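The values are calculated or read from the model by the stated rules, or taken from the named source; none is laboratory data. What you see is a predicted model, and the numbers here were worked out from it, not measured in a lab. Every residue, glycine as well, gets a Cβ built from its backbone with ideal geometry; the counts of neighbours run over all protein chains shown. All accessible areas refer to the heavy atoms of the entire protein, side chains included, with ligands and DNA or RNA removed. Shrake-Rupley method; radii C 1.70, N 1.55, O 1.52, S 1.80 Å.
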Amino acid sequence: MPTTHQINHQLPLVVSRIAIIGGGVSGLAALKQLSHYNPILFEATDSIGGVWGSCSYSSTKLQSPRSDYEFTDFPWPNRDDPSFPSHLEILNYLDSYVKHFDLRKYIKFSSKVVELRFIGDRSGTGPGEYGSLLPGQSVWEVAVQHNESETIQRYTFEFVAVCIGKYGDIPKIPAFPHNKGPEMFKGQVMHTMDYCKLDKDSASKLLKGKKVVVVGFKKSAIDLAMESAQANQGPEGQPCTMVVRTLHWTVPHYWVWGLPFFMFFSTRSSQFIHGTPNQSFLRTLLCLFLSPMRQAVSKFIESYLLWKLPLIKYGLKPEHPFVEDYASCQMAIMPENFFDEADKGKIVFKRASKWWFSREGIEFEDYTKIAADVVIFATGYDGKKKLKTILPEPFQSLLESTSGVMPLYRGTIHPLIPNMAFVGYIESVSNLHTAELRSMWLARLVGEKFKLPSVEKMLEQVSKEIEVMKKSTRFYKRHCISTFSINHSDEICEEMGWNSWRKKSWLAEAFSAYGSQDYEEHEIM
């Protein structure tokens with residue numbers, strides 16, 4: 001029987017075999033699929049939504065259409081609306097999902113997991129076997145801080161699903177030489193994690209009339225520069241400088257020369273020209289033969305982007321092919337009117353790989369200087385460090401392979417970490433769909449509808465996926481499956497005993513886009 005322990009006072013008995021950590025999109029997907037096990041979901045904040053609630057600006061929007069970001073059994077009420085939903089619309093959608101499936105009763109809000117401790121015994125598993133996810137006895141002790149109190153409550157579970165994601169909590173800050181860091185700067189320095197906590201008025205007050213420097217050139221940096229430009233309209237407004245280290249391709253919308261974007265990457269026929277794990281020798285030869293087509297698709301898209309956006313004018317044309325950004329899930333949607341603000345001088349760009357702080361602003365290795373009042377790091381988050389703060393050794397050291405990618409079988413199970421799953425640590429075009437399908441797979445695995453292969457075979461499968469990513473993009477350290485997402489889902493369906501071909505006709509199977517609704521559960525398990 002699972003129990004709870006505490007430090008200062010007696011706590012009620014908890015009757016649950018499964019813990020879920022994190023109430024973001026991936027945590028809610030796992031909760032829905034595992035709800036018949038009466039799990040407990042620990043959410044550190046007082047609301048659901050994860051990064052949509054804690055790491056979003058007032059202007060933050062989804063980067064894909066609504067219909068590409070929905071649960072299989074809970075479509076958007078206005079799914080045909082062509083506009084990209086705001087973060088508030090997404091939070092409302094997730095809240096409706098929780099209410100519709102009565103999931104709130106499983107959630108403990110303001111409950112931060114501060115430590116995980118392995119208390120199980122692996123002697124019952126055979127050599128090279130992973131073992132049952134619900135072994136009938138407690139395996140993990142979960143230490144939880146409720147409502148920011150000093151009391152730590154300890155719960156024990158047979159299985160833990162970690163869904164805290166790679167974003168938020170621990171910012172990634174560049175390193176600086178001695179006496180050249182933020183402490184030298186007389187202005188204000190913050191990370192986007194801090195900026196997200198400001199309300200609209202406070203954010204506007206921070207930016208208005210200020211010389212703002214935004215470090216980074218991914219989605220959060222681009223959106224932040226746009227907010228700064230909007231806060232600095234008029235003759236008294238100051239420019240926002242974006243310090244860009246690595247350029248990535250941006251797109252204005254999901255159409256290329258009048259053709260829908262999904263035609264190039266999200267159909268079986270389009271993904272057929274890209275490499276996949278476990279492909280046959282014949283398929284390998286065919287991929288080699290079709291490599292000019294991959295290059296042609298990339299050049300075709302690049303030609304449109306260079307025509308549509310003034311990337312060359314502003315020195316923002318990446319040197320690598322577009323397909324490499326797509327293969328590493330680094331493509332960003334450019335906000336409307338972004339370059340209009342650049343044309344007005346409200347957004348300027350500075351390419352630099354090395355820079356440091358001075359009292360008045362920042363300095364670069366080419367001896368140029370920029371005066372600044374506010375410097376904001378849009379440099380991402382340290383997701384692995386976030387995990388390492390709660391996982392004990394020896395499991396901490398297993399989180400990263402030599403390639404830098406977290407080695408997860410089916411993007412969910414670490415072959416060397418027992419009785420634990422990681423949901424939300426693999427990326428694709430739609431992370432909600434990716435998390436939900438893998439949660440479906442996980443629920444069937446917990447229910448012993450199928451068995452995992454040996455530890456050796458799981459590690460081999462992960463290695464094959466990493467090799468595919470290495471060949472697809474120089475940015476492979478992100479576990480992104482976008483160019484072989486359909487193949488990845490096929491293998492998951494086959495393990496669950498589902499038909500991997502989800503369309504109603506051969507024509508649709510080959511040329512129509514794959515999305516969440518294709519994986520609605522029809523099979524009787």
DSSP-defined beta bridges in the range 139-248 - what % are antiparallel, rounded to 5: 60 percent
Ellipsoid equivalent to the chain - semi-axes via the Cα gyration tensor, in Å: 38, 31, 22
Which of ALA372, TYR304, SER516, positive extreme of dipole for the chain (C-beta unit charges): ALA372
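Filter the chymotrypsin sites (Phe, Trp or Tyr not before Pro) in the range 48-141 down to the DSSP loop ones having no more than 16 other Cβ atoms within 10 Å, then list what survives.
PHE101, PHE109
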Positive dipole terminus of the chain, leading residue within PRO321, ALA161, GLN145 (C-beta point charges): PRO321
Formal net charge of residues neighbouring GLN153 (Cβ-Cβ distance under 14 Å; K, R +1; D, E -1): 0
Kirkwood Rh, Cα atoms: Rg over Rh of the range 193-332: 1.10
DSSP bridge orientation in the chain - percent antiparallel, rounded to nearest 5: 45 percent
Surrounding net charge for ASP373, when Lys and Arg each add one and Asp and Glu each subtract one, Cβ distance under 11 Å: +3
Options ALA435, GLY411, LEU290, ranked by Cα towards positive dipole end of the chain, top entry (Cβ charges): LEU290
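What part of the accessible area of the chain, given as a whole %, is carbon or sulfur when the probe is 1.4 angstrom?
53 percent
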Counted charge near PRO174, where neighbours are those whose Cβ lies closer than 13 Å (Asp, Glu -1; Lys, Arg +1): +3
Rounded Å value of the spacing that divides the Cα centres of the range 68-123 and the range 467-511: 24 Å
Gyration tensor verdict on the range 90-156 (Cα atoms; rounded if a/c is under 1.5, prolate if a/b is larger than b/c, oblate otherwise): oblate
The chain - charge dipole about Cα centre, Lys and Arg +1 at Cβ, Asp and Glu -1, debye rounded to 20: 980 debye
Given LYS384/LYS503; LYS218/LYS471; LYS346/LYS385; LYS384/LYS464; LYS108/LYS385, the pairs whose alpha carbons are separated by over 27 Å: LYS384/LYS503; LYS346/LYS385
The range 216-354 - accessible surface per residue (Å², probe 1.4 Å): 46 Å²
Anisotropy class of the range 398-475 from Cα gyration tensor, a/c 1.5 cut: oblate
For the range 55-109, accessible area per residue (1.4 Å probe, heavy atoms of protein chains only), Å²: 48 Å²
GluC sites (Glu not before Pro) restricted to the range 441-515 and DSSP loop, no more than 16 other C-beta within 10 Å: GLU448
